[in-house]
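Asks: Let me begin by handing over the structure; questions about it come next.
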C-alpha cells in the first residue's frame, strides 16, 4: 500500500517533521506494510501532476497549517489541485492559516477548499479556531469528523531529569506579528525568561526548531531575546541537527515557554509544564481551546502580569491535560485507522 503524505516535510522545519513521524507511526500501527512518499510538496509544480498524484493508493493532506490562503507558498496547499485527485483522499489534523493582515480568501480559493472537503472521505482538522475561520469564509464544516492535532498521540517517555528551563523564539518581521513589533515581543519574552530563571534558579536553553532555513529563523530570535535579558549569562542557544535531538533536549526540561506550536504540544504529552505564546495565525489558540486549557499568553497584551497569571494556572492545566490527553490520543488513533482502511 503506497500512501502520499502532503505536508511541508523535509525542509528543515522540525515541527512538520514531528507531524510526519507521528503520522507515519499511527498509520504503520494499522498496516505495517505501508510505504510512504512525503516529498510531494517539495517537488513544486511537478508534485501536482495528475498521473503522479493518482499513482498513490491513498493521499493524506496533513502537516501543519495547510488550509487557508498560504500566500507565501501556495503550491503547498493541496486544495489548489484537489480537482486533479481521483485516488482516495483524507485530511488529517490540518489547521487553518489565519492571516488577518493579508488579503481574504478569493472565491476561487474558497471553492477549492470546498472541493477538497467534498472529495475527502475522512476529515480531521486541528481545532476549534480552524472550524471558526472556515465558517467565517462560508465553508461548510458539517463533514468534519474530528478535531485534534496528531502530535497529541505521542507516547509519554520516562522523564529523565529537570535540569534546565527550555524555550523557543520564532523570529518574524514586524509586519507578520499581530499587535506588536518584533522588538516589543522579544523584549517581553526576555522579561518572562528572566522571571523564570529567578523563580526556578535554573539555566535556560533556547532551542531552534528550524534547520538551514534562512528566513523565519529561531536562532536569530533567540539571540535577540538573549541580548535583552538580565540573566543572559545563564542562557544557552541550542541548534540540534534533527527534530529527534530537539525533542530529546526537552526530556530534561523542568518548564517550557515558547512560540512554536508542536514543541508545546509535545511538552504537554510528556508532562512538562508549559506556557504557550500565541503570536500569529491563531495556531496556539486553535489547539488549547480544543483541549480546554488556558495556560497561554498572546502578543496582543504582552505583559509580565499576563505571563505570571498563565504560569500560576499551569498546575491545574497540567492536571486537566493528564486526564484529557489519553482520550484524545485514542481518538486520533481511531481516525488514523479509519483513514488507512479507506483502501
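Asks: Relative to the longest principal axis of the C-alpha atoms of the chain, give the angle of the C-alpha long axis of helix 218-227, reported between 0 and 90° and rounded to the nearest 10°.
Replies: It is inclined by approximately 20 degrees.
Asks: Compute the distance in nm between two label points, each set 7 Å from the Cα along the Cα-to-Cβ direction, one at residue 31 and one at residue 244.
Replies: Taking the simple label geometry, residue 31 and residue 244 are separated by 2.5 nm.
Asks: Let me ask another. Pop the C-beta distance of residue 198 and residue 142 into the FRET formula with R0 = 56 Å and round what comes out to the nearest 0.05.
Replies: Rounded to the nearest 0.05, the efficiency is 0.65.
Asks: Per DSSP helix of 4 or more residues, -39500 (n - 2.57); summed, then divided by the residues of the chain. What does that give at 222 nm, rounded to the nearest 500?
Replies: Rounded to the nearest 500, it is -12000 deg cm²/dmol.
Asks: For the chain, give the share of DSSP beta bridges that are antiparallel, in percent and rounded to the nearest 5; count only bridges with both residues there.
Replies: 5
Asks: Same structure, new question: Length gain on complete extension for the stretch residue 327 to residue 106, per 0.36 nm per residue less the alpha carbon to alpha carbon distance?
Replies: Gain on stretching residue 327 to residue 106: 75.8 nm.
Asks: For the chain, what log10 I(q)/I(0) values come out of the Debye formula at q = 0.07, 0.09, 0.15 1/Å, with one point per alpha carbon and no solvent?
Replies: Each listed q maps to, in turn, -0.28, -0.46, -1.29.
Asks: A further question on this structure: Report the calculated FRET efficiency for residue 86 and residue 300 (r = Cβ-Cβ distance, R0 = 41 Å), to the nearest 0.05.
Replies: My answer for the efficiency is 0.40.
Asks: For the chain, what relative contact order do you get, as a whole percent, if you take Cα pairs closer than 8 Å and at least 6 residues apart?
Replies: 19
Asks: Okay, next question. Dividing the convex hull volume of the Cα atoms of region 164-325 by its residue count, what figure in Å³ per residue is obtained?
Replies: 99
Asks: Report the label-to-label distance for residue 251 and residue 183 in nanometres (one decimal), using points 7 Å from each Cα along the Cα→Cβ vector.
Replies: For the pair residue 251/residue 183, the computed spacing is 4.2 nm.
Asks: Once fully extended, how much extra length lies between residue 158 and residue 57, figured as 0.36 nm per residue of separation less the alpha-carbon to alpha-carbon distance?
Replies: Stretched out fully, the residue 158 to residue 57 stretch lengthens by 32.7 nm.
Only the coordinates and a few stated rules stand behind these numbers; no lab work does. Treat the numbers as computed from the prediction; the structure is a model and nothing was measured. All Cβ positions, even for glycine, are placed from backbone atoms using ideal geometry, and neighbour counts span all protein chains on display.
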